[in-house]
Amino acid sequence: MKTILAAYSGVLKGTGSSILSALQDLSVAFLPCRSKMEKHLQVISVLQWVLSFLALGAACTLLLIYMFCTDCWLIAALYTAWLIVDWNTPKQGGRRSSWVRNWTVWTYFRDYFPIRLIKTHNLLPSRNYIFGYHPHGIFCFGAFCNFGTEATGFSKKFPGIKPSLATLAGNFRMPVLRDYLMSGGICPVNKNSIDYLLSRNGTGNAVVIVVGGAAESLQCAPGINSVTLKNRKGFVRLALQKGSDLVPVYSFGENDVYKQVIFEEGTCWRYLQRKLQKILGFAPCVFHGCGLFFGDSWGMVPYGKPISTIVGEPITVPKIEDPTDEMVDLYHTMYIKSLQCLFDKYKTRFGLKESDVLYIQ
């Protein structure tokens, strides 16, 4: 307060350089407040995404049902009718919005961790691509920020390439949530949706698939460098059928933003997780971050750990409508080697040791 009063007094009494000096002192006095405000906005931006992913769909579904029992039933009926008409839109390229992808909230989201996107090779707009994203983490923060928004400048780094992050198809059955996801260019991870993007939507498309999926999320924890990939060959077969190049993507730090209780195989808790995974399509993890008001408490807010996403060198894939198992195995092996090389090349730059290795499960 004394600094502010002194600066204000300088503005009243001084002229020329003294006024400039006083204004500088005034800006310095308010800087800590602005810094705190930005930090609060970063936390809010991340928390709204976590809560949206966890609860927005269910909350809007319950609200829609409730509205049918009130005087607002006509609004609910009209929305339901539109929902039925629009049902197949997510499978047909979705409805992305450049305005939503460029929201300022995503820059705060990016800066909270922070998240950055690193390009290693050029991608040709005349080709289509399948990005294999690793690891899954709990919420795929790096995948969403880099490919579901423009916060890290994807379109500027890869001109002519349009990314589509693939996620659970069940999310697109939820009112409002489906539109929220589509606005970011997010699509269902099913055959019809990916087939449309890679076959009937021209070139310059990049479908981002989190290959490890729900099974991989059960293994993520700080310090663990493990991906579920050994028996995941469907994305390679799809790449061959569509003639789309494979691009390995690895995010250092994705596993560090939450702490998870990992149950050993054979325990009843692990059995329950696997069972619910098959029923729900996602794995119910037991995890925690930090608290909203106190950093040393437990809560839903992720830890502010840097996430660095490396987009590797594309593997040129020929178009084969009916690839043999041997051909799929060949390109799957090439993909694994490329991912391991990508990890080994960049691991020491992002806090890992030379002796750290990437485990392929």
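Of all residues in the range 100-143, which are in contact (Cβ under 8 Å) with a residue 40 or more places away in the chain, among the polar types (S, T, N, Q) and in a loop (DSSP other than H, G, I, E, B)?
Here is the first cut: in the range 100-143, the residues in contact (Cβ under 8 Å) with a residue 40 or more places away in the chain are 100-103, 105-121, 123, 125-143.
Filter once more, keeping what is among the polar types (S, T, N, Q): 102, 107, 120, 126, 128.
Within the range 100-143, N102, T120, S126, N128 meet the criteria.
If I ask for residues that are part of a helix (DSSP H, G or I), basic (K, R) and within 22 Å of K305 (Cα to Cα), which ones from the range 332-361 would you list? Write out each step before concluding.
So the first thing to find is which residues in the range 332-361 are part of a helix (DSSP H, G or I), and the list is 332-350.
Now narrow it down to the ones that are basic (K, R): 337, 345, 347, 349.
Answer for the range 332-361, where residues must be part of a helix (DSSP H, G or I), basic (K, R) and within 22 Å of K305 (Cα to Cα): K345, K347, R349.
Regarding the range 224-239, can at least one residue be identified that is farther than 26 Å from W103 by Cα, open to solvent by less than 10 Å² (accessible area, probe 1.4 Å) and out of contact with any Leu (no Cβ under 8 Å at 6 or more places or on another chain)? Taking every residue of the range 224-239 in turn, none turns out to be farther than 26 Å from W103 by Cα, open to solvent by less than 10 Å² (accessible area, probe 1.4 Å) and out of contact with any Leu (no Cβ under 8 Å at 6 or more places or on another chain).
Among the residues making up the range 198-215, those that are buried (at least 22 other Cβ atoms within 10 Å of the Cβ) and within 15 Å of the chain's Cα centre (by Cα) are A206, V207, V208, I209, V210, V211, G212.
May I ask you to list the residues in the range 114-140 that are touching a helix residue (DSSP H, G or I) at 6+ places or on another chain (Cβ under 7 Å) and over 21 Å from K191 (Cβ atoms)?
Within the range 114-140, the subset touching a helix residue (DSSP H, G or I) at 6+ places or on another chain (Cβ under 7 Å) is 115, 117, 119, 128, 130, 132-139.
Residues satisfying the conditions are I115, L117, K119, H134, P135, G137, I138, F139.
Applying the selection to the range 320-331, what residues are outside any helix (DSSP H, G or I) and either surrounded by 13 or more Cβ atoms within 10 Å (Cβ to Cβ) or at pLDDT below 95 (or both)?
I320, E321, D322, P323, listed by residue number.
Can you find a residue that is assigned to a helix (DSSP H, G or I) and without any contact (Cβ under 8 Å) to a residue 12 or more places away in the chain anywhere in the range 281-296? No, the range 281-296 contains no residue that is assigned to a helix (DSSP H, G or I) and without any contact (Cβ under 8 Å) to a residue 12 or more places away in the chain. Between G57, G148, the distinction of being surrounded by 15 or more Cβ atoms within 10 Å (Cβ to Cβ), at pLDDT below 95 and not basic (K, R) belongs to G57 only.
Flag set for S251, criterion: touching a Ser or Thr at 6+ places or on another chain (Cβ under 8 Å) and either without any contact (Cβ under 8 Å) to a residue 12 or more places away in the chain or polar (S, T, N, Q) (or both).
The values are calculated or read from the model by the stated rules, or taken from the named source; none is laboratory data. The model shown is predicted, which means the values in this text are computed figures rather than measured ones. FYI the Cβ positions are ideal-geometry reconstructions off the backbone, even for glycines, and counts take in every protein chain you see. Areas reflect the complete protein model, heavy atoms only, side chains present, ligands, DNA and RNA absent. Shrake-Rupley method; radii C 1.70, N 1.55, O 1.52, S 1.80 Å.
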